[in-house]
Amino acid sequence: MSKRNLALMGATIVSIIYGVTFTIAKDVMPKYIDAYGFILLRAGGSMLLFWLVWFLMSLFNKNENEKIALNDFPRIIASAFFGVAFNFLTFFKGLSLTSPISGAVIMVSTPMIVLVLSAIIMKEHIKKRMVLGIVLGLIGTAFLILYGKSIGDTSQSELGNLLVLVSAISYGFYLIIVKKLMNKYSAFTFVKWIYLFGFLMVLPFGWSQFAIVDWAIVPTTIYWKIGFVVVISTFLTYLLNLLSMKELKPTTVAVFMYLQPLFASIFAISLGKDTLSFVKVGSTILIFSGVYLVTQKKS
């Protein structure tokens with residue numbers, strides 16, 4: 001299997017994990033821990049994992065001891081802000097106020113954001129088929145949110161949806177900023193720093209909410225769900241995303257966001273929290289068509 005196909009497979013796995021995460025994270029907050037406290041747990045746990053794995057790898061691989069140039073730290077700090085701190089704070093707070101499928105659907109605005117940012121910042125040429133693919137994906141997700149039944153609703157869902165959109169914009173900036181670091185260093189060399197700075201940025205927001213959690217009354221299932229979000233939804237997905245972006249353009253990686261509402265719907269339906277309809281089937285076809293057009297590589 002080619003490196004590109006492996007990268008596409010990795011991006012698909014990330015979309016599946018994220019799609020499941022919308023419902024799992026919603027089960028944890030705000031009932032057992034508020035959004036910012038959960039973010040502190042996610043950022044802190046992932047930071048420890050990245051530093052631990054880097055340390056173990058550096059014992060056997062001298063390449064993992066490469067130094068980061070001082071002039072690259074501003075880019076690392078910017079990546080930490082847009083990819084961890086601001087992205088996590090707005091996304092999880094938004095998700096705590098809206099439904100999982102609504103949050104998943106809104107996140108698909110990221111490919112359009114990255115497309116515009118790539119054209120402006122990276123002077124990247126955008127092919128007509130890529131634009132068509134993004135439009136098809138947007139139509140599919142629009143039908144999904146407008147005519148598909150969502151999981152739950154709250155009086156603050158509009159604010160929640162707005163915060164998730166802000167999170168999507170933040171993540172779009174991250175995908176553009178981090179690309180140069182990936183071309184220059186191995187993944188663990190800079191990701192551990194991104195999460196360290198990101199953890200320090202979210203610490204003032206999340207500590208008070210984290211400190212008041214009564215862990216004695218938290219069910220065992222919730223502990224497992226928190227572990228899933230930290231280890232699988234954060235640590236593993238960031239690694240897979242970084243590996244994918246070594247072979248794919250930011251616009252290509254971002255378009256896999258279109259799969260998230262699809263997988264979020266499938267997971268919700270499997271739990272009996274949603275129902276299947278012709279709208280969802282039609283949206284699925286449009287979403288997959290959009291992903292195909294954007295990821296297709298001409299010989």
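The values are calculated or read from the model by the stated rules, or taken from the named source; none is laboratory data. Only a predicted model underlies this, so the values are computations on that prediction, with no experimental measurement involved. Positions of Cβ are backbone-derived with ideal geometry, glycine not excepted, and every protein chain shown enters the neighbour counts. Areas reflect the complete protein model, heavy atoms only, side chains present, ligands, DNA and RNA absent. Shrake-Rupley method; radii C 1.70, N 1.55, O 1.52, S 1.80 Å.
Quick look at the numbers
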{"item": "Two-site label geometry, Ser208 and Asp27: point separation in nm, points 7 Å out along Cα→Cβ", "result": "3.0"}
{"item": "Accessible heavy-atom area order of Phe278, Phe228, Phe190, highest first, probe of 1.4 Å", "result": "Phe278, Phe228, Phe190"}
{"item": "Peptides 160-168, 78-86, 211-219 ordered by average Cβ neighbours within 10 Å, highest first", "result": "78-86, 160-168, 211-219"}
{"item": "Stretch gain in nm, segment Leu70-Phe278, where the contour uses 0.36 nm per residue and the Cα spacing is subtracted", "result": "69.4 nm"}
{"item": "Accessible area expressed per residue, region 178-237, with surrounding protein chains retained (probe 1.4 Å, Å²)", "result": "49"}
{"item": "Extension reserve of the Lys127-Ile217 stretch, reckoned as 0.36 nm per residue once the Cα distance is removed", "result": "27.0 nm"}
{"item": "With every protein chain in place, region 1-99: carbon and sulfur % of accessible area (1.4 Å)", "result": "69"}
{"item": "Which listed pairs, of Lys67/Lys184; Lys180/Lys249; Lys31/Lys225; Lys67/Lys249; Lys93/Lys179; Lys26/Lys246, have C-alpha distances above 21 Å, in listed order", "result": "Lys67/Lys249; Lys93/Lys179; Lys26/Lys246"}
{"item": "Residue order for Phe263, Phe55 - accessible surface, 1.4 angstrom probe, largest first", "result": "Phe55, Phe263"}
{"item": "Sequence of Tyr238, Tyr32 when ordered by accessible area, the most exposed leading, probe 1.4 angstrom", "result": "Tyr32, Tyr238"}
{"item": "Per residue solvent-accessible surface (Å²) - region 1-65, probe of 1.4 Å", "result": "48"}
{"item": "Met201 accessible area, 1.4 Å probe, all protein chains in place, Å² to nearest 10", "result": "50"}
